[in-house]
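Have a look at the structure below, then the notes.
The values are calculated or read from the model by the stated rules, or taken from the named source; none is laboratory data. Treat the numbers as computed from the prediction; the structure is a model and nothing was measured. Glycine also receives a Cβ, built like all others from the backbone with ideal geometry; neighbour counts cover every protein chain displayed. Each accessible area value is taken on the protein alone, full model and side chains, heavy atoms only, with ligands, DNA and RNA left out. Shrake-Rupley method; radii C 1.70, N 1.55, O 1.52, S 1.80 Å.
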Amino acid sequence: MNNAPIGVFDSGLGGLTAVRELKNVLPNENIIYFGDTGRVPYGSRSNSTIKRYAYQDSKFLLKNKVKMVIAACGTVSSVATNLKHDLPVPYTGVVSPTCFAAAQKTKNKKVGVIGTSATINSHSYRDLLKTFDSEIVTYEQDCPLFVPLVENGFIDKDDLIVKLVIERYMTDIKNAGVDTVILGCTHYPIISEAIKSVMGKDIELINSGKETAIYAAKILKENNLLADRKEKGDCEFYVSDTPDGFENIANVFLGENVSHKVEQINIELY
Ligand code: DGL
């Protein structure tokens, strides 16, 4: 048993979709979230920059004595693959739990993968899916406009701009006949409804935040690191840009009102 907090980070607020799921799966855990809002997006940056940011973000969480680090970011999980070996506490990214779920779900073995440019260029999801099931054929597409759309509140499925951008990116995947699509970036569950309205209601969308939360609970259990408190856990939020407006957007990602502490930190110090 261990009552230290779980540390979760993302380039911005997308990782809150994983926090939302973590709070469902492990309601008694304390969570410390860092959103690198001053440097978002990561997905269009070089691999060396993404790695440097990922290690700084992890260091900040470790300084806060977390018992586990979760990179709730498809980009970091795809590019900073050594984090798993370099951190002194259990670590997970989103790629493996998400691929595991997708391989179970697909029936026709045609899987779409959408993510940031860095994620798609790494082929992380494609390569791992193949190890789970060599018959799976993957159709990959980067969607660089999705993160700015979501961070700026363009999420309504009836919004013409949202619909047009999704069609622009996803028509080829749709025409390929996939039955499952990996939302390879933690921002994307926020536009799940809009994606479904373009891809058709029968499409299976795999939410990387959700699958990762389930997997993190398994790791904590196996390592005897679950909290033993009876009351609900608390969340602390840290960001690298001004927290102004954080609450409004965070409420959308978390699906509840943020009434917790939000503090700005200087991530360059880590
Ligand atoms: N949520 C991040 C991801 O999962 C967004 C990446 C970005 O900042 O571009 O990839």
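For the reader, a short list of remarks on this structure follows.
- Val113 long-range amide H proximity, modeled H, under 5 Å: Tyr139, Glu140, Gln141, Ile182
- With R₀ fixed at 30 Å, the C-beta to C-beta distance from Thr81 to Asn108 puts the FRET efficiency at about 0.55.
- Per residue value of the accessible surface for the chain (all protein chains in place, 1.4 Å probe), Å²: 44
- Positive-end ranking of Val69, Pro144, Ala176 along the dipole of the stretch 49-179, with charges on Cβ about the Cα centre, is headed by Val69.
- When the solvent-accessible area of the chain is split by element, carbon and sulfur atoms take up 48 percent of it, the probe being 1.4 Å.
- Cleavage-rule hits (chymotrypsin sites (Phe, Trp or Tyr not before Pro)) in the stretch 189-264: DSSP loop, at most 16 neighbouring Cβ within 10 angstrom: none
- Whole-number D in µm²/s for the stretch 44-94 (Stokes-Einstein; Kirkwood sum over Cα pairs; 25 °C, 0.890 mPa s): 226
- Semi-axis lengths, Å, the stretch 170-230, gyration tensor of Cα atoms, sqrt of 5 times eigenvalues: 33, 11, 8
- Axial C-alpha extent at least 30 Å, average Kyte-Doolittle at least -0.5 - helices from the chain (DSSP): none
- Sequence-distant lysines (8 or more away, or on other chains) whose Cα lies within less than 16 Å of Lys105: Lys130, Lys201, Lys210
- Percentage of interatomic Cα-Cα distances in the chain larger than 26 Å: 37
- Dividing the summed helix terms, -39500 (n - 2.57) for each DSSP H run of n ≥ 4, by the number of residues in the chain produces a 222 nm estimate of -12500 deg cm²/dmol to the nearest 500.
- The Cα center of the stretch 193-258 and the Cα center of the stretch 105-119 differ in position by 20 Å.
- Longest exposed-site-free window of the chain, the sites being GluC sites (Glu not before Pro) in a DSSP loop that have at most 15 other C-beta atoms within 10 Å: 1-134
- In this structure, Asp244 and Val137 have a Cβ-Cβ separation that, at R0 = 51 Å, corresponds to a calculated FRET efficiency of about 0.65.
- Length released on extending from Asn223 to Ile265, taking residue separation times 0.36 nm less the Cα-Cα span: 12.1 nm
- Global form of the stretch 31-186, assessed from the alpha-carbon gyration tensor, a/c cut-off 1.5: oblate
- Cα pair distances exceeding 26 angstrom across the stretch 135-270, given as percent: 40
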